[in-house]
Amino acid sequence: MNKEKKAQKQASKKQQIIEAGTRLIVQKGIEKTSLADIAEEAAISKGSLYYYYASKNELIFDITEAHINQISQNLFGIIEQSQGKASWEELLKILFERILAADTRGRLHLYLVQQALNENEDLKERFRKKYQEWKSMITEGFAKLEPKITNQRVLSSLIIAVLDGFLIQSLLEVETITGDEFVSHLDVQIRE
């Protein structure tokens, strides 16, 4: 087997393991998910799993990276799709609705953040960097779409904090407001 095919096969197997780990973490949480559970879910032997991941932490890093990249691609995709034609209100509604609708991704996000806050400095640093990146993306998006808004940096921090808060409320099945309500209230505050 040539090197390229071998690399593709290994990447495919790692993706299979990451997806199995993600499913189990969403169902059971990080602490209650073992590498043996993940091997079984991925339909591979424990030995094969250890070939790709020597520890649960290594696998959690890759799951975190895949999760963070997915959120970043979603955010970037929303901004790119508009091609400068959509208003910031429309983009924010789309972002708000997508994040709250992604129950599985939201649950995974909270488990990973909890792990980062409780025990894992490497994960904490990854999240810190990505949150900064997300804030920058939103700030730059506002600067392009609504240059008159002078508090773009503060606004981007508030939006991310609100989305995290609404995500928690949604997962707890607390009644939340709609994207339209959120954006219309935010618009009033920005324009005043």
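Applying the selection to the range 14-45, what residues are acidic (Asp, Glu) and surrounded by fewer than 18 Cβ atoms within 10 Å (Cβ to Cβ)?
Result: Glu19, Glu31, Asp37, Glu40.
Filter the range 46-69 down to residues that are crowded, with 16+ Cβ neighbours inside 10 Å and among the acidic types (Asp, Glu), then give me how many there are.
1
Say we look at the range 165-181 and pick out the residues that are free of Cβ contacts under 8 Å to residues at least 24 places away in the same chain and part of a helix (DSSP H, G or I); which of these is surrounded by the most Cβ atoms within 10 Å (Cβ to Cβ)?
The extreme case among them is Gln169.
Kindly provide the set of residues from the range 106-153 that are more than 22 Å from Phe96 (Cβ to Cβ) and buried (at least 16 other Cβ atoms within 10 Å of the Cβ), ordered by number.
Answer for the range 106-153, where residues must be more than 22 Å from Phe96 (Cβ to Cβ) and buried (at least 16 other Cβ atoms within 10 Å of the Cβ): Gln115, Ala116, Asn120, Leu123, Arg126.
Surrounded by 12 or more Cβ atoms within 10 Å (Cβ to Cβ), touching a residue at least 60 places away in the same chain (Cβ under 8 Å) and not aromatic (Phe, Trp, Tyr): does that describe Glu90?
Here the answer is no, as Glu90 does not meet what is asked.
Each reported figure results from applying straightforward, stated rules to the coordinates on display, with no laboratory input. The model shown is predicted, which means the values in this text are computed figures rather than measured ones. Ideal geometry is used to build each Cβ from the backbone, glycine not excepted, and the neighbour counts take in all protein chains shown.
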